[in-house]
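Novice: The structure is given below, and queries will be raised subsequently.
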Amino acid sequence: MSGIKGIDLSQSKFDGSSLRIGIVHARWNATVITPLVQGTITRLQQCGVKPENIVVQSVPGCYELPFACQKIIAGSRIQANADAADLMGSTTSLPTMVNMPGQPFDAVIAIGVLIKGETMHFEYISDSVTTGLMKVQLDTGTPVIFGVLTALTEDQALERAGVGRVKKGHNHGEDWGAVAVEMASLNRRWA
Ligand code: DLZ
């Protein structure tokens, strides 16, 4: 990554091998969502999280993310859309249904892409989703990683997913995977 922005992960040496991580992603703006989810899964696995312990659930849009995260953390018997292996094999399509086993999640990563339009929709959804996700993690005591891009243009969003048309950019999903492993590990330590 160039410049001074971004997370310093050089001190981040957390072992994810015993962790179970949920990914909840919106389906709006799928060309940006797919690489973000794939980047997240790649980094989770690099941190030692086993593929069978990464569960992926999709929801229609960002607005649905806080509710779905809360339900997943509460251990509702909802079905996940895919495991990590399914999604990594896919570059264009979103995954198929598989059953989600009942072990609790150590962290949940909420991934969505909001792109500003002509109305106030963007502002209202950005605000409510941000507040909602923070509320979920504070209410449940399970880390919820904020993987929501709030971009002014499509190009800004593509660049932040590492698939920019002009400048490729950095895939922020990779950071979210590392942050999930760190926060889940710290949360266990603090328990
Ligand atoms: C309605 C809407 C709009 C305009 N834009 C987006 C967007 O950029 N990203 C996204 O994830 N979802 C968007 N949505 C859908 C809402 O999040 C939500 O799914 C619907 O309002 C139904 O609750």
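Readers should treat all values here as calculations from the given coordinates under stated rules, not as data from a laboratory. Because the structure is a prediction, the values reported are computed rather than measured. Every residue, glycine as well, gets a Cβ built from its backbone with ideal geometry; the counts of neighbours run over all protein chains shown.
Novice: Under 15 Å from the Cβ of His121, count the other residues' Cβ atoms, weight Lys and Arg +1, Asp and Glu -1, and hand me the total. List each step's numbers first, then the result.
Specialist: Values: positive: Lys116; negative: Glu64, Glu118, Glu123, Asp127.
Combined, the nearby Lys, Arg, Asp and Glu give -3.
Novice: Additional query: Any of Lys116/Lys168; Lys50/Lys71; Lys5/Lys168; Lys13/Lys50; Lys13/Lys71 with alpha carbons more than 24 Å apart? Name them for me.
Specialist: Result: Lys13/Lys71 exceed 24 Å.
Novice: Also, quick follow-up: Can you figure out the FRET efficiency of Thr153 with Ala191, using R₀ = 30 Å and their beta-carbon distance, to the nearest 0.05?
Specialist: In this case the efficiency is close to 0.10.
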